[in-house]
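Below is one structure, written out as structure tokens, with a few remarks after it.
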Amino acid sequence: MKTFITSLILMVSLISYTQNTYLKFKVDDKESKYIMYPPGTKFEVKTKEGYIQMKNSENPYKLDIESEGFRLYVYPTYKSEKDIYHLEKGASLELVLTKHFKDNDSNNLNYNHNSLTGLKKITDSKSLEGKKNLYFNLTNGIEFSYVDGKYNAILNNKYLDIKGKYVIDSKLGILKISFNPNNGETWWVFESKE
């Protein structure tokens, strides 16, 4: 009986830890591009009075902002401070199922997002038992690699700065990658500067 209860607790905690959705939003109805954050990113949408209208969840959901005074607070894991967005009338926020965002169904996979294609190649580490390495290449020329705990990003044979885990700023835009070396799970979003 004790084993059954322990197993049940572990299953519930694993299910609650798994995130099935990611945040996708526009700050107003004039903005044509979306801003996105990886699955598991904590956030809250609050009214000017401080009431929470939406927060992270595993269920798909859409919120259309119909009046002024809403704010979105996002708490990314790759930095210590929160991101704050002022949402105008006409803004929209969605929790989108990760099956449209996640690309870990295959070892070598071409995946499209924001009209870019990313090639992901996962290999087993030769020096760290049970760990994975990643090579990731976008069609815009940005390359990212993670090998045995060391990572770098390159564009036109020049190294790019990487913040946190892993936000890469370039003249083309910002690439956000989340990579789990234990199982090879990879998520990515590219926000163009155009």
Expected single match for part of a strand (DSSP E or B) and either open to solvent by less than 70 Å² (accessible area, probe 1.4 Å) or at pLDDT 85 or above (or both) among 118, 130, 184 is 118
If you take the residues in region 152-165 that are free of Cβ contacts under 8 Å to residues at least 24 places away in the same chain and closer than 15 Å to residue 179 by Cα, which one is least open to solvent (accessible area, probe 1.4 Å)?
153
Of the residues in region 147-174, those that are assigned to a strand (DSSP E or B) and under 17 Å from the mean Cα position of the chain (by Cα) come to 162, 163, 167, 168, 169, 173, 174
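Those residues that are of a type outside the set (S, T, N, Q) and either under 19 Å from residue 79 (Cα atoms) or modelled with pLDDT under 90 (or both), I need them from region 35-48; list them, please. Write out each step before concluding.
Our first condition is that a residue be of a type outside the set (S, T, N, Q); within region 35-48, this holds for 35-40, 42-46, 48.
35, 36, 37, 38, 39, 40, 42, 43, 44, 48, listed by residue number.
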Is it the case, given these coordinates, that residue 104 is on the phi > 0 side of the Ramachandran plot, within 17 Å of the chain's Cα centre (by Cα), of a type outside the set (Lys, Arg) and at pLDDT below 80?
no
With the requirement that a residue be within 18 Å of residue 34 (Cβ to Cβ) and at pLDDT 85 or above, what does region 74-88 give you?
74, 83, 84, 85, 86, 87, 88
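Going by the conditions given, is residue 159 modelled with pLDDT of 90 or more, under 20 Å from residue 132 (Cβ atoms) and not basic (Lys, Arg)?
No: the conditions fail for residue 159.
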Tell me which of these residue 125 doesn't satisfy, since it passes every other one: (1) open to solvent by less than 40 Å² (accessible area, probe 1.4 Å); (2) at pLDDT below 90.
(2)
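The values are calculated or read from the model by the stated rules, or taken from the named source; none is laboratory data. Computed from a predicted model, the values in this text were never measured in an experiment. FYI the Cβ positions are ideal-geometry reconstructions off the backbone, even for glycines, and counts take in every protein chain you see. Keep in mind that these areas ignore ligands, DNA and RNA; they rest on the heavy atoms of the full protein, side chains included. Shrake-Rupley method; radii C 1.70, N 1.55, O 1.52, S 1.80 Å.
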